[in-house]
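The values are calculated or read from the model by the stated rules, or taken from the named source; none is laboratory data. Keep in mind the model is a prediction, meaning the values are calculated, not measured. Neighbour counts are summed over all protein chains in view; Cβ atoms, including those assigned to glycine, are modelled from backbone coordinates with ideal geometry. All accessible areas refer to the heavy atoms of the entire protein, side chains included, with ligands and DNA or RNA removed. Shrake-Rupley method; radii C 1.70, N 1.55, O 1.52, S 1.80 Å.
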Amino acid sequence: MSGLTQKIIRLLQVLHLNNIAYDCLSKRIRSNHSYPDILTSDDATRYLNSIHPDLHSSCVHENPFKEILYDLDIIVPCYNVELYVEDCIHSILNQQTRYRFHIIIVNDGATDRTPEILKKFEGIPNIRIIHQENQGLSEARNTGIKEAQGKYLMFIDSDDLLAPNAIESLMNLAYKVNADIVEGTHIRFADEKQSGIKNWLHRAIYNARQKEYGSRYNENATSINGFFWGKVFNRSIFDKILLPKGYWFEDQITCMVIEQMAKRMVTSGQLVYRYRMNPHGITHSSGCNVKSLDSLYLTLQILKDIPSLGIKTGETFYNRLLGQMEINISRVIGLDPKVMHTILFIEHEILQKEFPTQRTSDKSLKTVEALIRNRDTEHLALYCKLHS
């Protein structure tokens, strides 16, 4: 997708004209429902695995946790973040709060100056630094989870910042209603540490239209966003799960697994997190990478895992699944069109076999549901481009 096209789509989204654009443009598209060599689910699976193999990494895991010593454990995975990690840690240490918090920093085999910078924080009583060989973001977070001794857990990416008063506001609500998850709002800011005119212009434009993202105060929230950060989680949620190893988009379990296991969720409406926009990160660079197939593979693995976790596949889960199916398509738009068609074939089969009579009552998902059930690749691709 060209830069100009992306800017036009972004403008349509800001002006809330993407639905109108879809209605107009979709009339010009003729649907193609099949590839001659993709006739069964086995055909589809073989084709995708020939491009990028599925790791079949489960999120089910028994965790024999240590005794609780703190109100909150804050887990910070680090890999080659020499420009940012010191600011990140200081944003945590500067928190004014009555709650006992402990920071677990996991150096995931960084090859830059990150380990040297982390030495500055050795000996601080409420910080523990763990060094391990590079295993990826999921395993770095998992290392922190296994070592946690807090009643609640928080995850912070090491190039981001914790907003002032974040711990106090989140933990106040967590204890007030005995919540399993409390989520705050966040802002996104451009990376000020990258040099060059292009980066300067990007910062100026991005920061000029900055806003808060997230939900208003609600002590009985029914959904949360899909990011691991910007929340506190009751540690008990992780009694039987860890992040699946080796996949991109491992945060997917937040909505499809963790949210489904929570008995009570709260949204605070308070700013708690500052997310640094990284144009070189997975979110911005995944569209033409075959590892984007991890998004589908993780969906399939979650569907295998949920029976052993006692998750009910009712309306809430079904809606989350539809939303994830749309995301799976969006993430491979830059690959061969046959990849997108094959993913849609698999998703169609899942709905037909596992949810034959289920239909969503969520208006925002009705179009996606119809396109998947009809195996309409071209219209779904257009819809995803305009809405992702």
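Quick notes on this one:
- Per-region count, the range 145-187, residues assigned to a strand (DSSP E or B) and either open to solvent by 10 Å² or more (accessible area, probe 1.4 Å) or not aromatic (Phe, Trp, Tyr) (or both): 13
- Positions within the range 85-121 being of a type outside the set (A, V, I, L, M), in contact (Cβ under 8 Å) with a residue 60 or more places away in the chain and more than 16 Å from ASP71 (Cβ to Cβ), in sequence order: ASP87, CYS88, SER91, ASN94
- Residues (more than 25 Å from the chain's Cα centre (by Cα) and exposed (fewer than 12 other Cβ atoms within 10 Å of the Cβ)) located in the range 123-138: GLY123, PRO125
- Within the range 83-108, the set of residues being assigned to a loop (DSSP other than H, G, I, E, B) and open to solvent by 20 Å² or more (accessible area, probe 1.4 Å) comprises LEU83, TYR84, ASN94, GLN96, THR97, ARG98, TYR99, ARG100.
- Options HIS341, HIS348; residue that is free of Cβ contacts under 8 Å to residues at least 40 places away in the same chain, outside any loop (DSSP other than H, G, I, E, B), closer than 15 Å to ASP376 by Cα and not aromatic (Phe, Trp, Tyr): HIS348
- Answer from SER57, SER41, SER50 - the residue that is small (Gly, Ala, Ser) and under 20 Å from the mean Cα position of the chain (by Cα): SER57
- Here LEU380, LEU335, LEU351, LEU322 are screened, and the one residue that is of a type in the set (A, V, I, L, M, F, W, C), over 19 Å from ASN289 (Cβ atoms), at pLDDT below 95 and open to solvent by less than 60 Å² (accessible area, probe 1.4 Å) is LEU380.
- From the options ASN49, ASN80, residue that is of a type outside the set (Phe, Trp, Tyr), at pLDDT 95 or above and part of a helix (DSSP H, G or I): ASN49
- In the range 248-295, the residues that are open to solvent by less than 20 Å² (accessible area, probe 1.4 Å), modelled with pLDDT under 95, touching a Ser or Thr at 6+ places or on another chain (Cβ under 7 Å) and not in a helix (DSSP H, G or I): SER286
- Residues in the range 60-76 that are farther than 24 Å from ASN165 by Cβ and within 24 Å of the chain's Cα centre (by Cα) were compared, and the one that is most open to solvent (accessible area, probe 1.4 Å) is GLU62.
- Put simply, of ASN178, ASN134 the only residue that is among the polar types (S, T, N, Q) and on the phi > 0 side of the Ramachandran plot is ASN178.
- Residues in the range 354-377 that are closer than 15 Å to GLN324 by Cβ, open to solvent by less than 60 Å² (accessible area, probe 1.4 Å), touching a residue at least 40 places away in the same chain (Cβ under 8 Å) and part of a helix (DSSP H, G or I): LEU365, VAL368, GLU369, ILE372.
- The criterion of being more than 17 Å from the chain's Cα centre (by Cα), modelled with pLDDT of 95 or more, open to solvent by less than 30 Å² (accessible area, probe 1.4 Å) and of a type outside the set (Asp, Glu) does not hold for ILE302.
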